[in-house]
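Engineer: Shown below is the structure under consideration.
The values are calculated or read from the model by the stated rules, or taken from the named source; none is laboratory data. In this text the structure is predicted, and so the values were computed from the model without any measurement. Note that each Cβ is placed from the backbone with ideal geometry, even for glycine, and that neighbours are counted across all protein chains shown.
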Amino acid sequence: MNELDIQLVFESEGQPSQQQFQYWVDTALADYSHNTEIVIRIVDEQESAELNQQYRHKQGPTNILSFPVDLPEGVELDLLGDLVVCASVLEREAQQQNKSLTDHWAHIIIHGVLHLLGYDHIEDSDAEEMEALEIAILNKLNINNPYTEVIEQ
């Protein structure tokens, strides 16, 4: 089993349980060759915005930031990296996109785990590969494709 360290700096209703986070991470890492450790930190908009500015040079809070571990050669740890989630941004997105909050949490956590594994969506071809993986993993959880579910209100 993959080890999770959940850091609740910010709490709100509708946040997933430790078991939900564990299930999503384990499902996302099902094809990964060994168990690992991930830190999931739930933050407020201020901390998210500060980290987004510092590491991505973008203003404002964002739903998730992924920080893959970059170990020096010869150092072996099971730590895959850190995910920093802004709960209020994620909740707003779910409402605006008319999505289940739990499903959106699952999607964002899986999206972050894939970033920790080295996937990105900068180039269109990479984005297509990453989205296909997200959709396949979410399908295992009986969650619909998040990219076709956006419904105008």
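Engineer: Count, please, the residues in segment 102-124 that happen to be in contact (Cβ under 8 Å) with a residue 40 or more places away in the chain, out of contact with any helix residue (DSSP H, G or I) (no Cβ under 7 Å at 6 or more places or on another chain) and either part of a loop (DSSP other than H, G, I, E, B) or not β-branched (V, I, T) (or both).
Structural biologist: The qualifying residues number 6.
Engineer: Still on this model: Mind checking which residues of segment 125-149 are assigned to a loop (DSSP other than H, G, I, E, B) and of a type outside the set (A, V, I, L, M, F, W, C)?
Structural biologist: Passing the criteria: N142, N144, N145, P146, Y147, T148, E149.
Engineer: Determine whether R41 is over 24 Å from K140 (Cα atoms), of a type in the set (D, E, K, R) and assigned to a strand (DSSP E or B).
Structural biologist: yes
Engineer: Is it true that some residue in segment 68-75 is over 22 Å from I135 (Cα atoms) and surrounded by 15 or more Cβ atoms within 10 Å (Cβ to Cβ)?
Structural biologist: The answer is yes; a qualifying residue exists.
Engineer: Also, I was wondering about something else. Only one of these is out of contact with any Gly (no Cβ under 8 Å at 6 or more places or on another chain), without any contact (Cβ under 8 Å) to a residue 60 or more places away in the chain and either buried (at least 17 other Cβ atoms within 10 Å of the Cβ) or closer than 19 Å to S17 by Cβ (or both): N98, N35, N52, N63. Name it.
Structural biologist: Unique residue meeting the criteria: N63.
Engineer: Just give me the residues in segment 62-92 being more than 22 Å from D5 (Cα to Cα) and at pLDDT 95 or above, in sequence order.
Structural biologist: From segment 62-92, those more than 22 Å from D5 (Cα to Cα) are 72-74, 92; that's our starting set.
Correct list: R92 only.
Engineer: Take the residues in segment 3-29 that are in a loop (DSSP other than H, G, I, E, B) and in contact (Cβ under 8 Å) with a residue 60 or more places away in the chain; name whichever of them is surrounded by the most Cβ atoms within 10 Å (Cβ to Cβ).
Structural biologist: Checked segment 3-29; the qualifying residue surrounded by the most Cβ atoms within 10 Å (Cβ to Cβ) is L29.
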